[in-house]
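The values are calculated or read from the model by the stated rules, or taken from the named source; none is laboratory data. Being a predicted model, the structure only gives us computed values, none of them experimental. As a convention, Cβ positions derive from the backbone with ideal geometry for all residues, glycine included, and neighbour counts pool all protein chains shown. Heads up: the accessible areas ignore ligands, DNA and RNA and are worked out on the full protein's heavy atoms, side chains in. Shrake-Rupley method; radii C 1.70, N 1.55, O 1.52, S 1.80 Å.
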Amino acid sequence: QLFNILFGHMSVVGPRPVMKVSFEAYPEEVKKVIYNVKPGLTGIGSIIFRDEEELITEVKNNGGDLWEFYRGKIYPFKGKLEIWYQNNKSFFLDLKLIFITAWVIFKPNSTVYSKLFKDLPKRSF
């Protein structure tokens with residue numbers, strides 16, 4: 001991915017690239033705009049969903065349908081986050097997201113992003 005950034009195929013900050021089957025599960029309004037920016041190494045979705053494996057483990061352990069959880073909960077919310085990013089995109093925002101990415105690696109339970117971005121969509125699950 002670092003080579004893709006150097007060659008200009010990816011950015012440091014942007015939506016994470018997804019497989020075609022995952023992309024097709026995004027709501028139509030998200031599919032139309034999510035890749036108006038280059039895919040990134042990190043992004044707001046990566047920060048907010050650093051607990052994604054815990055979420056899907058909980059759904060799986062409770063006998064839930066993982067694909068339906070992705071389609072009905074995760075992808076629509078990730079889409080809202082990426083639209084928020086595009087509406088607020090700036091060099092300064094990218095710097096903040098890089099810093100927050102590093103921060104949550106060392107402080108995984110931190111919600112510093114909610115203090116810095118008051119208008120960020122809230123996750124309800």
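Details
- Filtered by the rule that a residue be open to solvent by 30 Å² or more (accessible area, probe 1.4 Å) and in contact with a Pro (Cβ under 6 Å, 6 or more places away or on another chain), segment 73-88 gives 76, 80.
- Residue that is in contact (Cβ under 8 Å) with a residue 40 or more places away in the chain and in a strand (DSSP E or B), where the choices are 55, 81, 41: 41
- Residues of segment 18-38 that are of a type in the set (Val, Ile, Thr) and either part of a loop (DSSP other than H, G, I, E, B) or in contact (Cβ under 8 Å) with a residue 40 or more places away in the chain (or both): 18, 30, 33, 34, 37.
- Contact map, segment 89-116: residues that are at pLDDT 95 or above and surrounded by 12 or more Cβ atoms within 10 Å (Cβ to Cβ) paired with residues that are part of a helix (DSSP H, G or I) and among the hydroxyl-bearing types (Ser, Thr, Tyr), Cβ distance under 6 Å, separation 6+ or inter-chain. Pairs shown: 100/113.
- Test: residue in segment 86-94 that is among the small types (Gly, Ala, Ser) and assigned to a helix (DSSP H, G or I): no
- Inspection of segment 76-90 identifies at least one residue that is under 16 Å from residue 18 (Cα atoms) and among the small types (Gly, Ala, Ser).
- For segment 18-67, a residue qualifies if it is farther than 22 Å from residue 90 by Cα, among the hydrophobic types (A, V, I, L, M, F, W, C) and open to solvent by less than 30 Å² (accessible area, probe 1.4 Å), and the qualifying residues are 25, 55, 59.
- Filter result (part of a helix (DSSP H, G or I) and β-branched (Val, Ile, Thr)) within segment 95-112: 98, 100, 101, 104, 105, 112
- When residue 15 is tested against (1) open to solvent by less than 40 Å² (accessible area, probe 1.4 Å); (2) touching a residue at least 60 places away in the same chain (Cβ under 8 Å); (3) assigned to a helix (DSSP H, G or I), exactly one condition is not met: (3).
- Residues of segment 1-12 classified as in contact with a Leu (Cβ under 8 Å, 6 or more places away or on another chain) and surrounded by fewer than 18 Cβ atoms within 10 Å (Cβ to Cβ), total: 5
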